[in-house]
Amino acid sequence: MSKTINTIDIVGLGALGVMYADFFTKALGKENVRILADINRMERYKKEQITFNGEACDFQYSDAAKESRPSELMLFAVKYGALETAMEENSHLIGENTILLSVLNGIRSEEDLGRRFGGDKVVHCIAQKMAAMKEGNAAVCTNKGELAIGVLDGGREENLAAVKDFFDRTGFAYSCPEDMRHAMWGKLLCNVGVNQTVSLFEGTYRSVQQEGGAREMMKAAMRETILVANAEGVELSEKDMADWIAVIDGLNPDGEPSMRQDSKAGRKTEVALFAGTICELGKQHGIATPVNDRFLETYGQNESLLLLPH
């Protein structure tokens, strides 16, 4: 019999973290949604009013170190560079029956969570189709999108069923791709192309929606991703690229991907998750990745890149 999830813990209050915290707090009640953080961050959250779409958020902030109740469902919404710390700070709350979700970009975070806590606890996840950003303490979302969820080898179908039931009961939007690994690589294909290219050209989605050097660079980065994916046994193709470009072409021309937002704000970007992954695997398979090499050289000069073994 499938387990039932009645509470959720959220780690990280970036744009997506605030969006999910707001949704589940309203759906379940404040008492059933913990925002887990260290004491300093928690006090800052309380002091500095966080808003979502102009509305003040009334969240339950919890000092993770003082909590003892094991989490039923823990959702990680931190940046990748903060994941290791987040896992350490919340490890005592991950019990035998805890289910883990990560809405981080890339294909690395589930591997990290699985290595630390057991792959059977992880439900693989892709955050997609949303348009959300956060400036200061104000999160704004014009499209909440959905989570695509599934399990890969070693995952528990009963955990996936429990998450689906939880989402159904709360009215949360989700989908279940037939091939979760292909879906995750497809989203990486998109991010490798659009996030890095728009950031390099210091532009908006318009930069890659119109014909020219930026659009061609995006396509070249995507083609490198396809070659690496194929070498990894994932059947990405030119059709996948065309489908994602059609999605990109339909975005608000004045909008910006998350990596461009990070770059403008002086934050570390996710180049390690995008170009870092493709370049590392490219080396392993003897595949040249000159476009992604350029992204790494550009953004890696002032950033500490964490390239994990695959």
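Every number in this text was worked out from the coordinates using simple rules, so none of it is lab data. Not measured: the values here are computed from a predicted model. Here the Cβ positions follow ideal geometry from the backbone for every residue, glycine too, while neighbour counts run over all protein chains shown.
Numbers below:
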quantity	calculated
Per-residue ³J(HN,Hα) for the range 91-97, Karplus 6.51 cos²θ - 1.76 cosθ + 1.60, θ = phi - 60°, Hz, x for Gly and Pro	4, 6, 9, 9, x, 4, 9
Listed residue pairs exceeding 31 Å between alpha carbons, taken from K144/K283; K129/K219; K134/K164; K129/K268; K3/K239; K144/K239	K144/K283; K3/K239
Positive-end extreme of charge dipole, the chain - chosen from S237, S175, Y61 (charges on Cβ)	Y61
Order of S109, S102, S237 under a 10 Å beta carbon neighbour criterion, fewest first	S237, S109, S102
Residue order, fewest to most surrounding Cβ atoms within 10 angstrom, among H182, H124	H182, H124
Net charge dipole size for the range 87-151 [Lys, Arg +1 and Asp, Glu -1 on Cβ; Debye, nearest 20]	220 debye
Bridge type composition, the chain - antiparallel percent by DSSP, nearest 5	40 percent
Computed over the chain: relative contact order in percent, which uses C-alpha pairs under 8 Å that are six or more apart	14 percent
Shape call, the range 180-300: gyration tensor on alpha carbons, a/c limit 1.5	oblate
Antiparallel content of DSSP bridges confined to the range 8-175, in %, to 5	40 percent
Residue-by-residue Karplus 3J(HN,Hα) for the range 120-129, coefficients 6.51, -1.76, 1.60, Hz, glycine and proline x	5, 7, 8, 9, 5, 8, 10, 8, 9, 6
Amide H contacts of Q60 (H built 1.01 Å from N, under 5 Å, at least 5 apart or other chain)	I35
